[in-house]
Amino acid sequence: MHPKAMAASAGPAATVNLNRALWQKGDFAEIAAFMRQSGEALVESLGIVPPLRAMDLGCGDGTTALPLARLGADVTGIDLTPSMVEAGNRRAAAAGLTRLKFCEGDACDLLGVEDNTFDLSLSVFGAMFAPRPFDAAREMVRVTKPGGRVVMGNWIPGDPTFVSELLKVSSAFTPPPPEGFVSPMTWGVESHIIERFGRAGVARERISMVKDTYYFAHPEKTPADFIDLFERFYGPTMVAVEAAQKAGKAQLLHEQLVELANAHNKSQAGTFIPAAFLRVTVTV
């Protein structure tokens with residue numbers, strides 16, 4: 001979630017490697033445990049009617065891919081990180097979901113995926129972190145069948161809810177991004193979305209956007225536990241923590257993040273933290 005942590009570099013290949021290293025730094029599955037409930041709810045809202053071929057791009061270990069498969073879709077989960085692909089395939093096997101497979105892939109260049117492959121291309125807080133947003137938009141459109149849908153969930157910059165405020169706190173402890181860096185948070189701005197999909201050949205009237213809410217939820221873990229997991233396992237937050245440690249400010253960062261999580265928590269026991277996001281639907 002940390003915009004400045006998504007380092008860009010002069011060449012695309014180097015950028016991909018930096019992104020992979022960032023996301024391999026921790027273990028996103030630890031964070032995803034707080035995202036399962038909303039992942040299932042989001043998928044249920046899509047109105048899945050089999051037969052349907054779906055791609056989940058930037059899928060992690062399957063927070064939305066598994067619910068898609070349970071509803072009868074044939075699902076390909078694509079993630080940049082090998083550890084997430086392995087974890088996703090383990091979860092699919094344990095659940096007996098034979099129509100779900102996970103593989104490695106780059107949202108900016110979906111090598112090996114043919115044009116017009118999927119009825120639904122879904123990316124919830126995934127493709128927004130790809131370093132070349134115009135390429136990511138082009139690829140999502142390219143692999144979606146005519147008449148199919150691209151659906152994205154993107155965090156919103158400057159919104160007075162948990163994720164946006166988390167970014168604000170973390171950015172104060174993180175060095176400036178490199179030249180040429182494009183913040184993933186720009187995917188939460190309507191004008192950027194229209195421009196990116198427009199360049200991919202999608203007319204404005206085929207793009208809809210609505211503000212929605214995602215929940216980080218766990219019945220047994222406290223908001224302090226949640227922040228602890230972010231600091232230990234979520235790559236971008238780990239970068240902020242390391243920078244804060246070098247500046248002798250790690251405790252200050254931790255206290256501010258815990259205070260933020262407690263302020264937004266809606267549960268008397270456990271964790272239930274709402275976070276606004278922009279839900280984007282593109283008809284190809």
Exercise for review: Please verify whether region 89-99 includes one or more residues that are among the charged types (D, E, K, R) and part of a helix (DSSP H, G or I).
Suggested key: yes
Revision key, fill the gap. Among (1) on the phi > 0 side of the Ramachandran plot; (2) out of contact with any strand residue (DSSP E or B) (no Cβ under 6 Å at 6 or more places or on another chain), residue 270 falls short only on (2)
Check your understanding: Does region 247-257 hold any residues that are of a type outside the set (A, V, I, L, M, F, W, C), surrounded by fewer than 15 Cβ atoms within 10 Å (Cβ to Cβ) and part of a helix (DSSP H, G or I), and which are they?
Key -> 251, 255
Exercise for review: Considering only region 5-64, give the helices (runs of 4 or more DSSP H) lying wholly within it that have at least 2 residues that are modelled with pLDDT under 70.
Suggested key: 12-24
**Study point:** Tally of residues being buried (at least 24 other Cβ atoms within 10 Å of the Cβ) and either in a loop (DSSP other than H, G, I, E, B) or not small (Gly, Ala, Ser) (or both) across region 113-122
**Key:** 2
Practice item. Scan 274, 219, 223 and give me the residue that is without any contact (Cβ under 8 Å) to a residue 60 or more places away in the chain and under 22 Å from the mean Cα position of the chain (by Cα). Key: 223
Review point. Cβ-Cβ below 6 Å, separation at least six or inter-chain, first residue in region 83-97 and within 12 Å of residue 60 (Cβ to Cβ), second assigned to a helix (DSSP H, G or I): which pairs?
Key: 87/29
**Study point:** Looking only at region 202-242, and only at residues there that are at pLDDT 95 or above and of a type in the set (A, V, I, L, M), the one that is farthest from residue 189 (Cα to Cα)
**Key:** 224
Point to revise | Residues of region 199-234 satisfying the condition of being surrounded by fewer than 14 Cβ atoms within 10 Å (Cβ to Cβ) and of a type in the set (Gly, Ala, Ser) | key: 201, 203, 208
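Run down 269, 244, 263, 240 and say which single residue is surrounded by fewer than 16 Cβ atoms within 10 Å (Cβ to Cβ), in a helix (DSSP H, G or I) and either in contact with a Leu (Cβ under 6 Å, 6 or more places away or on another chain) or of a type in the set (Gly, Ala, Ser) (or both).
Values: 269 fails: in a helix (DSSP H, G or I); 244 fails: surrounded by fewer than 16 Cβ atoms within 10 Å (Cβ to Cβ); 240 fails: surrounded by fewer than 16 Cβ atoms within 10 Å (Cβ to Cβ).
Matching residue, one of 269, 244, 263, 240: 263.
Between 100, 110, which is among the aliphatic types (A, V, I, L, M), more than 18 Å from residue 40 (Cα to Cα) and surrounded by 17 or more Cβ atoms within 10 Å (Cβ to Cβ)? I'd like the intermediate steps shown before the answer.
On the way: 100 fails: more than 18 Å from residue 40 (Cα to Cα).
Of the residues listed, the single one that is among the aliphatic types (A, V, I, L, M), more than 18 Å from residue 40 (Cα to Cα) and surrounded by 17 or more Cβ atoms within 10 Å (Cβ to Cβ) is 110.
Might you check whether a residue that is at pLDDT 95 or above and surrounded by fewer than 20 Cβ atoms within 10 Å (Cβ to Cβ) occurs anywhere in region 80-88?
Yes, because at least one residue in region 80-88 is at pLDDT 95 or above and surrounded by fewer than 20 Cβ atoms within 10 Å (Cβ to Cβ).
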Exercise for review: Determine which single condition residue 199 fails, assuming it passes every other condition in (1) at pLDDT 95 or above; (2) closer than 27 Å to residue 41 by Cβ; (3) in contact with a helix residue (DSSP H, G or I) (Cβ under 7 Å, 6 or more places away or on another chain).
Suggested key: (2)
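Of all the helices (runs of 4 or more DSSP H) wholly in region 123-218, which have at least 2 residues that are more than 29 Å from residue 256 (Cβ to Cβ)?
Details: elements: 133-142, 162-171, 190-199.
Per the criteria, 133-142, 190-199.
Could you tell me how many of the residues in region 103-132 are in contact (Cβ under 8 Å) with a residue 12 or more places away in the chain, farther than 26 Å from residue 209 by Cβ and over 16 Å from the mean Cα position of the chain (by Cα)?
Going residue by residue through region 103-132, those that are in contact (Cβ under 8 Å) with a residue 12 or more places away in the chain are 103-110, 113-132.
Subset that is farther than 26 Å from residue 209 by Cβ: 103-104, 114.
With the extra rule that they be over 16 Å from the mean Cα position of the chain (by Cα), the set shrinks to 103, 114.
Here the count works out to 2.
The values are calculated or read from the model by the stated rules, or taken from the named source; none is laboratory data. These numbers were taken from a predicted model, which means no experiment stands behind them. Because the Cβ atoms are built from the backbone with ideal geometry, glycine has one as well, and the counts that use them run over all protein chains shown.
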